[in-house]
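> Handing you a structure now.
The values are calculated or read from the model by the stated rules, or taken from the named source; none is laboratory data. No experiment lies behind these values; they were computed from the predicted model shown. No Cβ is skipped: glycine too gets one built from the backbone with ideal geometry, and neighbour counts run over all protein chains shown. These area figures cover heavy atoms from the full protein model, side chains too; ligands, DNA and RNA do not enter into them. Shrake-Rupley method; radii C 1.70, N 1.55, O 1.52, S 1.80 Å.
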Amino acid sequence: MKKIGLTTIYSVPNYGSVLQAYATQEVLKKLGFDCHIINYKYPNLWHYSVGFQKPKIKSIFMQFLGIRSIHRKQKKLQTFKNRYFNLTKEYCTLDDLRKENWNEYDLVATGSDQIWNSRFLKGDSAFMLSYLPDNIKRISIASSFASKSLPSQYIDKYKKYLSKFDALSVREQNGICIINNELSIKKDVKIILDPTLLLSKEEWLNLIPRSKFRKKDKYILFYMWDYAFDPKPYIFKILAYLVEKYKYKVIALEGYKKKKEACGVDMIDKTDASVNEFIDLFANADMVITSSFHGTAFALNFGKPLISIIPNDKGDDRQSTLLTNLGITQCIIPINTELQQINPNYDTIQEQNILEQLRLDSINWIKNNINCV
């Protein structure tokens, strides 16, 4: 059995980051590989030295006590990771990684998530596997830059380390352009599905125990992130428009706001949902409105009517690449699209058939590129 190391982002308080790491681990296990998630501390002292904000003692204390819903969510995510992640020992710095003997691994993979996003990672080369000796094989699995281009100060670093990869896959079209054009790495780059989509909806429901959530009324699942781009107030206008049209209730997983701030929409706050509840809320939703890539991915995996809001500048094309590849471009909603043009519905049977084809193709790419190195 081949032993695989996996370097990825899983420590941020984000369902998508945690679940993509878990999904990658489970897919590799299903393929017959021995997967170990490399327990690299992020953020660490290096990140604070280049501009990351250090957590305040008050915030750490509040998180420990679970004072706010975001803190309770963090604790629940940590509980999930403690239970389900096959982690190595902790590496606190890039130097710690460099000192390790990696020869017991047949291959080290990196991905998926935004591991090459220079805005948030400041060019941390650990996620480019810079710590590995040259004899260790390496691949990327659906890795993302989440941008249209790289700042010039990072070009040489990215080119140096990504050119050493034996196989490269990304999850959006911009990633191919960055690698082939900006970095001048003339290798084939494959778009594959994010790992959360490599597990079918049935597998998610079987792998994760059911929560205590019980559906009472039809609802829109609202899942808003605003760190990559700010969809407000437009996303609330869409929400109000569709609530009025369909008379659904609203459950907010991320982005909960009081009625006054949400264009008059009442929301049920589920910010502190467990991973089990997260899965059940997507599985039972009647519609999903989101500005999140993973919100889009889980809605599509469960075949839900969807509004996926994207920025107008097309700088982050993760959502639009996925939706275009599935043939449902009507769910791609640039900010300020006329409300009357919005249609969350699509042919679910056709979408699920295409998704299954892309899933098989993506899994075969991973399997073949691990077995051939």
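> Please give the peptides 150-157, 267-274 ranked by average Cβ packing (other Cβ atoms within 10 Å per residue), highest first, as a rough proxy for protection.
Output ranking for 150-157, 267-274: 267-274, 150-157.
> Which one, ARG119, ARG83, ARG72, has the greatest fluctuation when you compute a Gaussian network model over the chain with C-alpha springs under 10 angstrom?
Judging by the Gaussian network model, the answer is ARG83.
> Enumerate by residue number the chymotrypsin sites (Phe, Trp or Tyr not before Pro) in the stretch 211-283 meeting two conditions: DSSP loop (anything except H, G, I, E, B), and at most 13 other Cβ atoms within 10 Å of the site's Cβ.
TYR227
> If you don't mind, another one. Let me have the 222 nm mean residue ellipticity of the chain computed from DSSP H runs of 4+ only, each contributing -39500 (n - 2.57), with the sum over all residues rounded to the nearest 500.
After summing the helix terms and dividing by the residues of the chain, the value is -11000 deg cm²/dmol.
> For the chain, build the charge dipole from Cβ charges (+1 Lys, Arg; -1 Asp, Glu) around the Cα centre, then report which of TYR256, ALA126, ASN369 sits farthest towards its positive end.
TYR256
> While we're looking at this one, here's another question. For Cα pairs less than 8 Å apart in space and 6+ apart in sequence, what is the mean separation divided by the residue count of the chain, i.e. the relative contact order in percent?
Result for the chain is 15 percent.
> Here's another thing I want to ask about it. Mind running the shape call on the stretch 328-373? Use the C-alpha gyration tensor, a ≥ b ≥ c as the square roots of the eigenvalues: rounded below 1.5 for a/c, prolate if a/b tops b/c, oblate otherwise.
It comes out oblate by the Cα gyration axes.
> If you take the square roots of the eigenvalues of the alpha-carbon gyration tensor of the stretch 276-373 and sort them as a ≥ b ≥ c, do you get rounded (a/c under 1.5), prolate (a/b over b/c) or oblate?
Prolate shape, in that a/c is at least 1.5 and a/b is the bigger ratio.
> Each label point is 7 Å from the Cα along the Cα-to-Cβ direction; what then is the distance between the points at LYS218 and GLN153, in nm?
5.2 nm
> Tell me the per residue accessible area of the chain using a 1.4 Å probe; a whole number in Å² is fine.
44 Å²
> Same structure again: LEU132: net charge of surrounding residues, Cβ under 10 Å, Lys/Arg +1, Asp/Glu -1, itself excluded?
+2
> Grab the other residues whose beta carbon is less than 14 angstrom from that of TYR248, score K and R as +1, D and E as -1, and report the net.
With Lys, Arg at +1 and Asp, Glu at -1, the neighbours total +3.
> Follow-up question, since we're still on this one. Can you check what the net charge comes to around PRO233, using other residues whose Cβ is under 13 Å from the Cβ of PRO233 (Lys, Arg +1; Asp, Glu -1)?
+1
> Here is a further query. Is the C-alpha gyration tensor of the stretch 64-207 telling us rounded, prolate or oblate? Criteria: a/c under 1.5 is rounded; beyond that, a/b larger than b/c is prolate, otherwise oblate.
Prolate.
> Within the accessible area of the stretch 1-110, what % is carbon and sulfur when the probe is 1.4 Å and the other protein chains stay in place?
Ligands and nucleic acids excluded, carbon and sulfur give 53 percent.
> Hey, can you rank 162-168, 109-115 by average C-beta count inside 10 Å, highest first?
109-115, 162-168
> For the chain, with equal point scatterers placed on the C-alpha atoms only and solvent neglected, what are the log10 I(q)/I(0) values from the Debye formula at q = 0.11, 0.15 1/Å, to two decimals?
For the chain, the Cα-only Debye profile gives -0.77, -1.46.
> A follow-up question, please. Please work out the Cα center distance from the stretch 316-337 to the stretch 258-297, rounded to the nearest Å.
Each part's Cα centre sits 19 Å from the other's.
> Turning to a different aspect of this structure: Would you kindly state how much longer the chain becomes between ASP347 and LYS260 on full extension, computed as 0.36 nm times their sequence separation minus their alpha carbon distance, in nm to one decimal?
Fully extending the segment from ASP347 to LYS260 adds 27.8 nm.
> Taking +1 at the Cβ of each Lys and Arg and -1 at the Cβ of each Asp and Glu, which of PHE85, VAL108, SER69 sits farthest along the dipole of the stretch 66-112 towards its positive end, judged by Cα position relative to the Cα centre?
The Cα lying farthest towards the positive end belongs to SER69.
> Could I ask something else about it? Of the GluC sites (Glu not before Pro) in the stretch 265-356, which ones lie in a loop per DSSP and count no more than 11 other C-beta atoms within 10 Å?
When the GluC sites (Glu not before Pro) of the stretch 265-356 are filtered for loop state and at most 11 Cβ neighbours within 10 Å, GLU338 remain.
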